[in-house]
Each structure stands twice: as C-alpha cells, then as structure tokens.
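Written below as structure tokens is the structure these notes are about.
The values are calculated or read from the model by the stated rules, or taken from the named source; none is laboratory data. These numbers were taken from a predicted model, which means no experiment stands behind them. Note that we place each Cβ from the backbone using ideal geometry, even for glycine, and neighbour counts take in every protein chain shown.
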Amino acid sequence: MEKDEIRIAVMRIEGTNCEDESVKAFKALGVYAETVHLKQFYSDFIKEEEMRTIWDYSCIVFPGGFSAGDYVRAGVIFSARLKSVLRKDLEEFIKEGYPVLGICNGFQILVELGALPGFDEDRPIADKPEMALSINDSNRFECRPTFLKHENKGKCIFTRRLKREIVVFPVAHAEGKVTFPMGREEEYLNTLKENDQIVFRYVDKDGNYAGYPWNPNGSYYNIAGICNVKGNVFGLMPHPERAIWKWQLYSDIDLLVENDFWELEGNNEADGLAIFRSIVEYLLKF
C-alpha cells in the first residue's frame, strides 16, 4: 500500500471526545485521517457524498471519551450499535488483517463488542463479551500519567516501532479495571501469555509491578493493554494520542532527566507517536 492510499477512520458518536487528537496524530505522520460518525455507514438521513463504508479505510480507530454518556456500562451502547450494523464487515475487516485500535473508551467498546480478547482468529467478534473493564478499585475517576512496561514480543502490530521498554502515557477513566470471568482468571491469563497478547502492564517509575496509584484501576495482573490473537486489534486504557509530543507530558524537567525516557536533544516526539507510526509502517507493507 502506498502512503497516499492509507485512509484512517476515527469513529465517533455522541460523547466521544478524543477523536481530534487521534486524527492529528496520524496527520503528523503525513497520512489521511478523518473523523467519521457511525451514522455515515448506514443512515438514510446522511447526504450521499458523506456516506462511507468500512472498505473506504485501511484502519479503524475507536477513540476515548464517554460514548452515549457511558450509560448502562462504558462502551456498551456504541458496541451494540456497531454490532447491529457493521458486525459482518468489521469481522471481515479484521480477518483481512486491517488494524483496529481502541483507546480508553475505545478499548471498552472493543471489549463489549467481543473483539477483545479475541482468542478465535476465525471468529474475531464473539457473540458476547468475554472479559470486562469494570469500575476502578478507587471507585473514582483516575486522571494521571502512568508508567507502562511494553511486554509484547512482536505479535502486536501497534507497538513494533516502540523503542523503549518503559513508556509514559496518561490515563483518564473511571472504568478501566481489566477483569476476567470469576474462577477463570488464570486460564485467561495463561492464554494471553501463550498467545503473546499482553502488550502493556502498569509499573512504578522504576519499572516494578506495583499497586495503586501506579496501577490506577486495579487491573488483573496490572494489564493496561492487550491485542487479539492475530495482533491487528489492540485496546489500551492509557492515551497514546496524548503523548505525541514531549511537552504534553512533563512540566518538571528534572523528572524527565531522572527517568531518561528520551534524549533531550533532537527529536521532540514522545512515545505515543510510535503507536501511530507502527500502524502506518504496517500498512505501507500491506
């Protein structure tokens, strides 16, 4: 695929609020990206020139926010609407190897949709959710930078350009606790490990696995992000689109130097851009 052929759709409905940052991240890499309302895929009330199909795009992104007000459960209404109008096409899109990214509320949407954990490559969207992102252990909204350890060994196409083992992305959520079916936690965890599906885990500033506040929600096994078995569907609670430039993350230069997350000289990119760059480079070879 040539660079000018790459087209990114950042999905939105009422309540999403991080679509613009996601679009700008892709545009910083010189590829076409646009926000697309779900109704543009199916509604008779949309002008013909504004109608879209999933096959107009080479990557689908579900951004952060509070889709449909997070009523019932975070992401569940968006996922139900998706499943009712786009399930068949989205399943084929995933099977064909096109990338699908879910950030924060987008991760919640993919979980509710049944696209994650995505153990079955032949059936990429399960009939019902197989895991949950439940209310934070603190029972409150958590908004802070988090330290993440990159644990994927290459399965996930979204982190292949990541150069550092420890990165910093901010979180902003009230329902981000990775939870597996009661009594089957170890079974799910072992499957994720065997399939190389664990991508990020929460750690402290020294890279050690730790509890609250380093793990902001109480996620099982400190999991912050996972991919499907094929590696082309990725969901994470922290926000890489809010870690595109270094100035987005730190006001304390001493902290930056102390933890040595990047060189002070030269490139002003932060680690979040590597997520979007990985997508672009994957599509260039598609």
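Results, tabulated for the structure shown:
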| item | result |
| --- | --- |
| Qualifying residue in segment 1-11 (condition: of a type in the set (Gly, Ala, Ser) and within 26 Å of ASN268 (Cβ to Cβ)) | no |
| Close pairs (6 angstrom Cβ cut-off, 6 or more residues apart or separate chains): within 22 Å of ALA270 (Cα to Cα) and aliphatic (A, V, I, L, M) in segment 25-52, part of a loop (DSSP other than H, G, I, E, B) and modelled with pLDDT under 95 anywhere | ALA25/ILE244 |
| Verdict on PRO181 being surrounded by 15 or more Cβ atoms within 10 Å (Cβ to Cβ) and either modelled with pLDDT under 95 or under 28 Å from TYR71 (Cβ atoms) (or both) | no |
| Test result for THR146, within 17 Å of the chain's Cα centre (by Cα) and over 19 Å from PHE66 (Cα atoms) | yes |
| Segment 97-124, residues that are closer than 20 Å to PHE180 by Cβ and of a type in the set (D, E, K, R) | GLU112, ASP120, GLU121, ARG123 |
| Residue count for segment 231-251, restricted to those that are buried (at least 18 other Cβ atoms within 10 Å of the Cβ) and either at pLDDT 95 or above or out of contact with any Gly (no Cβ under 6 Å at 6 or more places or on another chain) (or both) | 13 |
| Strands (runs of 3 or more DSSP E) lying entirely in segment 150-211 (those with 3 or more residues that are closer than 18 Å to LEU273 by Cα) | 166-173 |
| Residues satisfying the stated conditions in segment 48-72, i.e. outside any helix (DSSP H, G or I) and more than 18 Å from the chain's Cα centre (by Cα) | MET51, ARG52, THR53, TYR71, VAL72 |
| Single residue of segment 102-147 satisfying the filter (free of Cβ contacts under 8 Å to residues at least 60 places away in the same chain and assigned to a strand (DSSP E or B)) that is nearest to THR16 (Cα to Cα) | CYS143 |
| Failed item in (1) among the hydrophobic types (A, V, I, L, M, F, W, C); (2) over 19 Å from the mean Cα position of the chain (by Cα); (3) at pLDDT 95 or above, with PHE45 passing the rest | (3) |
| Unique residue being closer than 18 Å to PRO99 by Cβ and either β-branched (Val, Ile, Thr) or surrounded by fewer than 19 Cβ atoms within 10 Å (Cβ to Cβ) (or both) when the list is ASP56, ASP20 | ASP56 |
| Failed item in (1) closer than 19 Å to ARG242 by Cα; (2) in contact (Cβ under 8 Å) with a residue 60 or more places away in the chain, with GLN197 passing the rest | (1) |
| VAL10 in a strand (DSSP E or B) and either surrounded by 15 or more Cβ atoms within 10 Å (Cβ to Cβ) or modelled with pLDDT of 95 or more (or both) | yes |
| Conditions (1) crowded, with 17+ Cβ neighbours inside 10 Å; (2) under 27 Å from VAL36 (Cα atoms); number of the one not met by ASN136 | (2) |
